Amino acid sequence: MEPWVVNVAIFVLAVFVGDHVIRGVTPALHTPLMSLTNALSGIIIVGALLEIASVEGGDLPLSAWLAALAALAAAINIFGGFLVTQRMLAMYKKRGER
């Protein structure tokens, strides 16, 4: 079997498992989960930057473009995660503290 077929199959399974796990989280645990996903997105950004930095030569291969796309998506996830976390934490403050 081709290695890219195995990689795509693992990716698809990871998407389904990740979706199942995230949807099973109760709303009370959403803020800690958001912090965890922000940390994972930070790791994705580091890995993507390492992949891009490992490219030698003039033209960027497909892996570098995919790494750049992954870094962009992870950065958007981190920014959105911080916004959602701040909004959820503001719900627990008293009216005078807002």
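The values are calculated or read from the model by the stated rules, or taken from the named source; none is laboratory data. All values derive from a computational prediction rather than experimental measurement. Glycine gets a Cβ as well: all are built from the backbone with ideal geometry, and neighbour counts include every protein chain shown. With ligands, DNA and RNA removed, areas are computed over all heavy atoms of the protein, side chains included. Shrake-Rupley method; radii C 1.70, N 1.55, O 1.52, S 1.80 Å.
The charge dipole of the chain, taken about its Cα centre with unit charges on the Cβ atoms of Lys, Arg (+1), Asp and Glu (-1) only, comes to about 960 debye.
Once the other residues with Cβ under 13 Å from the Cβ of Ser63 are scored (Lys, Arg +1; Asp, Glu -1), what is the net sum?
Numbers: positive: none; negative: Glu51, Glu56, Asp59.
Within the 13 Å Cβ shell, the charges total -3.
Loop-located GluC sites (Glu not before Pro) in the chain (DSSP state not H, G, I, E or B) with no more than 10 neighbouring Cβ atoms inside 10 Å: Glu56.
What percentage of the solvent-accessible surface of the chain, computed with a 1.4 Å probe over protein heavy atoms, is contributed by carbon and sulfur atoms?
On the way: 5750 of 7910 Å².
Looking at the chain in its full context, I get 73 percent from C and S.
In a Gaussian network model over the chain where Cα atoms closer than 10 Å are linked, find which of Leu62, Leu49, Leu13 has the largest mean-square fluctuation. Largest GNM mean-square fluctuation: Leu13.
A simple spin-label model places pseudo-atoms 7 Å from Cα toward Cβ; at Glu2 and His20 they are separated by 2.7 nm.
Using Cα-Cα distances under 8 Å and only pairs 6 or more residues apart, what relative contact order does the chain have, in percent?
Once normalised by length, the contact order is 29 percent.
Based on DSSP H segments of at least four residues, each scored -39500 (n - 2.57), the chain has a per-residue ellipticity at 222 nm of -27000 deg cm²/dmol. What label, among [x] 40, 38, 30; [y] 38, 35, 29; [z] 58, 31, 13, belongs to Cα extents along the principal axes in Å computed from the structure on display? Here the calculated entry is [z].
Label separation (Arg95 vs Leu33): 3.1 nm, computed from points 7 Å beyond Cα along the C-beta direction.
In this structure the chain gives 81 Å² per residue of accessible area when probed at 1.4 Å with all protein chains present.
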